[in-house]
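What follows is a short report on a single structure.
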Amino acid sequence: MKKKKEITRTIRILLVLIAVLSSGFIQAQDFKARTEPVIYDFTKPEITIIWITPAKDQQGVDSKQLQIEIGIISKSGISSINIYVNQLPVSTNRGFKKKDAKNSNYDLQFDHLLHLNKGMNSVKVSVTDDYGNVEESERTIHVLDDAWAVVRNRTNYALIFGADQYEEWSDLSNPVNDAREIAQELKNAYGFEVDLVENPTKQEVMEKIRDYAEKSYLPYDQLFIFFAGHGQFDEINGEGYIVSRDSRMNDRIFDSYLSHTQLRIRIDNIPARHIFLTIDACFGGTFDPTIARAGTRGGGDDQYEDISRIELIERKLRYKTRIYLTSGGKEYVSDGKPGANSPFAAKFLQALRSIGGPDNLLTLSDIKSYVELVPQEPRMGSFGTNQPGSEFVFERKK
């Protein structure tokens, strides 16, 4: 009987142990089922700094005060933004709250007024996020002195004459259209102040040139003068002429014409230091007295960043410019197909629309490389008080 009780007791203990172990196993299974794996992301959050103003490095400015504008893209919060000018801290802004930026592409956008030194300045923006990650971006800003500011703020003028309607001479097809297209290109793409005169009389031409002789010009201002229309040459006097709307066919003394000699003297006396004269007319090359007497024959720049281009312009415009370009020599030149451009004007427009190459700067040699491909041989040379090494530049704005 005693032995039977011990067996029963042992069975009970085993059953309890089995129950306890089963309960623990079920709890462990339940815990395992309810527990998600923990994943740790050690990837560094990315911070992107975008310069809105100034948009590019090596920026040239005319004032010592510059308002910079910055956009920031960050997956985490921003704890601080520091600005340094020439390695010195000028602004520390902590506790920036994330806010809607003006541009939806940014998580944060801010601006700050800087005070710079004359010459080259280093401007650095340092951004720290809530995880302690730091991102930096730097710009070089060139504060121009007064001379550079004059170069940058120079005024370019264009005085353009086009004539295709005449009282006694036969009408032409394209000069006015050529003049309009060149005027539009210079105004819209190069920022010239354009004065377009269509079908002028001789007096109107003379008065308009007089207007420009009475203007005041800064040292780096430029004046481009363009004539398109009929031209004439007198073998007896050895003189070339611009034919105006009211020029007479049987004028033995050419009193109703504008002589190249008059044109040279009057244009040379305009007080602008840099003048480029272009004539798209028959016998235009006789503007050069040497060609009038004998008929003898009278590369681009590398790419520059913004401030280097200003330095290049200053260097090219140091010397007084009196340069002419004509569509031909001592010869008749083509008016072109009706409704189109003259061959010369077409190449001139092609040069202007070439955007001046990679540096957006078109020089006289660039233009000549385009127009010299026309059937008649264009002529380029100097006149009046031109100085050796002179130049005329077309800086594309758009």
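Side notes on the structure shown:
- Any hit, the range 159-172, residues being of a type in the set (A, V, I, L, M, F, W, C), more than 18 Å from S342 (Cβ to Cβ) and either assigned to a strand (DSSP E or B) or open to solvent by less than 20 Å² (accessible area, probe 1.4 Å) (or both): yes
- Among residues of the range 134-190, those that are among the acidic types (D, E) and either closer than 20 Å to K202 by Cα or touching a strand residue (DSSP E or B) at 6+ places or on another chain (Cβ under 6 Å) (or both), counted: 8
- Every test in (1) modelled with pLDDT of 85 or more; (2) closer than 14 Å to T128 by Cα is passed by Y106 save one, and that test is (2).
- Residue match in the range 364-376 (condition: among the charged types (D, E, K, R), surrounded by 15 or more Cβ atoms within 10 Å (Cβ to Cβ), modelled with pLDDT of 85 or more and out of contact with any helix residue (DSSP H, G or I) (no Cβ under 8 Å at 6 or more places or on another chain)): yes
- Which listed residue, of E185, E193, E181, is under 27 Å from the mean Cα position of the chain (by Cα) and surrounded by fewer than 16 Cβ atoms within 10 Å (Cβ to Cβ): E193
- Out of D146, D221, D234, sole residue that is under 30 Å from K64 (Cα atoms) and at pLDDT below 90: D146
- Pick from the range 113-128, criterion modelled with pLDDT under 90 and assigned to a strand (DSSP E or B), ranking: least open to solvent (accessible area, probe 1.4 Å): G119
- Take the conditions (1) part of a strand (DSSP E or B); (2) touching a Gly at 6+ places or on another chain (Cβ under 7 Å); (3) farther than 25 Å from D171 by Cα; G240 misses just one of them, which is (3).
- Annotation note: Cβ proximity below 8 Å between a residue of the range 331-354 that is hydroxyl-bearing (S, T, Y) and a residue that is at pLDDT below 60 (sequence gap 6+ or interchain) occurs for S342/V333; S342/S334; S342/D335; S342/G336.
- Boolean, D306 is modelled with pLDDT of 95 or more, out of contact with any helix residue (DSSP H, G or I) (no Cβ under 9 Å at 6 or more places or on another chain) and open to solvent by 10 Å² or more (accessible area, probe 1.4 Å): no
The values are calculated or read from the model by the stated rules, or taken from the named source; none is laboratory data. Remember, it's a predicted structure, so these values are computed and weren't measured experimentally. FYI the Cβ positions are ideal-geometry reconstructions off the backbone, even for glycines, and counts take in every protein chain you see. The area values use the complete protein model at the heavy-atom level, side chains included, leaving out ligands, DNA and RNA. Shrake-Rupley method; radii C 1.70, N 1.55, O 1.52, S 1.80 Å.
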